[in-house]
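Participant: Please see the structure below; I have some questions.
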Ligand SMILES: Cc1ncc(COP(=O)(O)O)c(C=O)c1O
């Protein structure tokens, strides 16, 4: 929403200075002249938009439904909030800035971004290769949801390069490998997957028609500040905006970013499935984007203090925090190559099992016992019995999601208070 005139709102430069994403988050893509001069983009709480003429309405539909090419300088007109809405358009443009993506779409949840994107590309007989562990909902899809549509799966354990090659071979043997779905670092163990290697494998599977599997990366844990999957060869990047981008644990939303050629089919599916984000939520995410860098930088620093504290605690067995990986180990080297920072969500094992983990969780006072992550406040949960409880127990054990594992998302409180809280709770273990 806006234009590219001399006082336009899509300028990325001042003089020779290339503007940084955190600066562009304040105004990019929004033209106050279209909204009575309002400094902030208002909430366009409307289901439909009035056309200035029948001819204009016809032209807008032609573009929205891909019935003809867009003319140079022709703007896509506003039609109906399931198709487009100013809050969502401004939000999509701003999200693209962080990941340097050409196009983006916002959804009603991270899960609707994932399902809408996958169902835009997968067809009966296709195979999806996915990394494990992953968020429980995402993991459910290839195991239980997609097989109902004749789509099969092959898994690849994160943190093991040999497993990636084996998973790739198994997926290709099973049928047409269409999508490689990755979630590095893995929820909840922080195990990594090499995005660049996946992109190489995908290219090696190009068929005679030039088609190849798509590499789709869920960048919720580190992005967009601490990992840029497109720079490593990803085709599409997904987000649960509910987490760091929304950042206040008060909304549910998702996004898919990528080149317009790959986003266009997903846009059509979103229009038909009706999985778009609503204007109010879109507006809240716009507001959150203004402080994204501040919040993610602060929580990253706090997480470092908390992880260092836990590492030395006698009642803590292991801390799965990325900077603790030996730099000369394969995962340590991958962390250096692929990530720009460790984020603030990681897991640790207490001495003992479920009973000890529960004692810790029940004693927390500052850190809240809740699933989710990436909010201003610190949250802790028990993956084996909560977020990952629908993963079969044998598989959980193999993936390192033990009964003693606790996941923490460190927020932006004073880290001394979070550490004091963990200290008193660990006394109960
Ligand atoms: C990595 C990851 N992706 C996707 C999702 C799903 O997002 P949402 O809850 O917004 O649907 C989650 C939720 O926890 C997640 O952790």
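Participant: Under a point spin-label approximation (7 Å from Cα along Cα-to-Cβ), what is the residue 162-residue 231 distance to one decimal in nm?
Facilitator: It is 3.2 nm.
Participant: Suppose each label sits 7 Å from its Cα in the direction of the beta carbon; what would the residue 337-residue 52 distance come out to in nanometres?
Facilitator: Label at residue 337, label at residue 52, 5.3 nm between them.
Participant: On a 0 to 90° scale, report how tilted helix 110-121 is relative to the longest principal axis of the chain, with both axes built from alpha carbons and the result rounded to the nearest 10.
Facilitator: 60
Participant: Please give the calculated 222 nm ellipticity per residue for the chain, where each DSSP H segment of at least 4 residues contributes -39500 (n - 2.57) and the sum is spread over every residue; nearest 500 deg cm²/dmol?
Facilitator: Numbers: 14 runs with 153 residues, N = 429.
-11000 deg cm²/dmol, from helical runs alone.
Participant: On full extension of the chain, what length is gained from residue 39 through residue 173, given 0.36 nm per residue of separation minus the C-alpha to C-alpha distance?
Facilitator: Extending this stretch completely gives an extra 42.6 nm.
Participant: Determine the gain in length on full extension of the stretch residue 26-residue 398; use 0.36 nm per residue of separation and subtract their C-alpha separation, reporting nm with one decimal.
Facilitator: Numbers: separation 372, 0.36 × 372 = 133.92 nm, distance 4.52 nm.
Here the answer is 129.4 nm.
Participant: Turning to a different aspect of this structure: Over segment 28-84, what relative contact order in percent results from Cα pairs under 8 Å that are six or more residues apart?
Facilitator: Averaging sequence separation for qualifying contacts and normalising by length gives 33 percent for segment 28-84.
Participant: Could I ask something else about it? Report, to the nearest 10°, how far helix 195-204 tilts away from the longest principal axis of the Cα atoms in the chain, using its own Cα long axis and a range of 0 to 90°.
Facilitator: 60
Participant: Here is a further query. How do 301, 13 rank when sorted from fewest to most other Cβ atoms within 10 Å of their own Cβ?
Facilitator: The fewest-first ordering by Cβ neighbours comes to 13, 301.
Participant: Tell me, what are the semi-axes, in whole angstrom and largest first, of the equivalent ellipsoid of the chain as set by the roots of 5 times the Cα gyration tensor eigenvalues?
Facilitator: Largest first, the chain gives 37, 27, 19 Å.
Participant: Which stretch or stretches of segment 309-330 have amide N atoms under 19 Å from the point lying 7 Å from residue 355's Cα along the Cα→Cβ direction?
Facilitator: What the label zone holds, given the 19 Å backbone N cut-off, is 315-317.
Participant: Sort 242, 209 so that the residue with the fewest other Cβ atoms within 10 Å of its own Cβ comes first and the one with the most comes last. Mind showing how you got there, number by number?
Facilitator: Working: 242 24, 209 6.
By the 10 Å Cβ count, ascending: 209, 242.
Participant: Still on this structure: What's the exposure ranking of 272, 151, going from fewest to most Cβ atoms within 10 Å?
Facilitator: 272, 151
Participant: Select from 22, 398, 55 the residue whose mean-square fluctuation is largest in a Gaussian network model of the chain (Cα-Cα springs shorter than 10 Å).
Facilitator: Between 22, 398, 55, it is 55 that shows the largest mean-square fluctuation.
Participant: In the Gaussian network model of the chain, springs joining C-alpha atoms below 10 Å, which of 105, 310, 67 carries the largest mean-square fluctuation?
Facilitator: Greatest mean-square fluctuation among the candidates belongs to 67.
Participant: Percent relative contact order of the chain, based on C-alpha pairs within less than 8 angstrom and at least six residues apart?
Facilitator: 15
Participant: For the chain, modelled as a GNM with alpha-carbon contacts under 10 angstrom, which of 353, 254, 233 fluctuates the most?
Facilitator: The residue with the greatest mean-square fluctuation here is 353.
Participant: A follow-up question, please. Suppose a student asked you for the relative contact order of segment 292-426, using Cα pairs under 8 Å spaced at least 6 residues apart; what percent would you report?
Facilitator: Dividing the mean separation by the residue count of segment 292-426 yields 31 percent.
Here, each number is a calculation from the coordinates, and none is a lab measurement. Only a predicted model underlies this, so the values are computations on that prediction, with no experimental measurement involved. Virtual Cβ from ideal backbone geometry, glycine too; neighbours counted across all protein chains shown.
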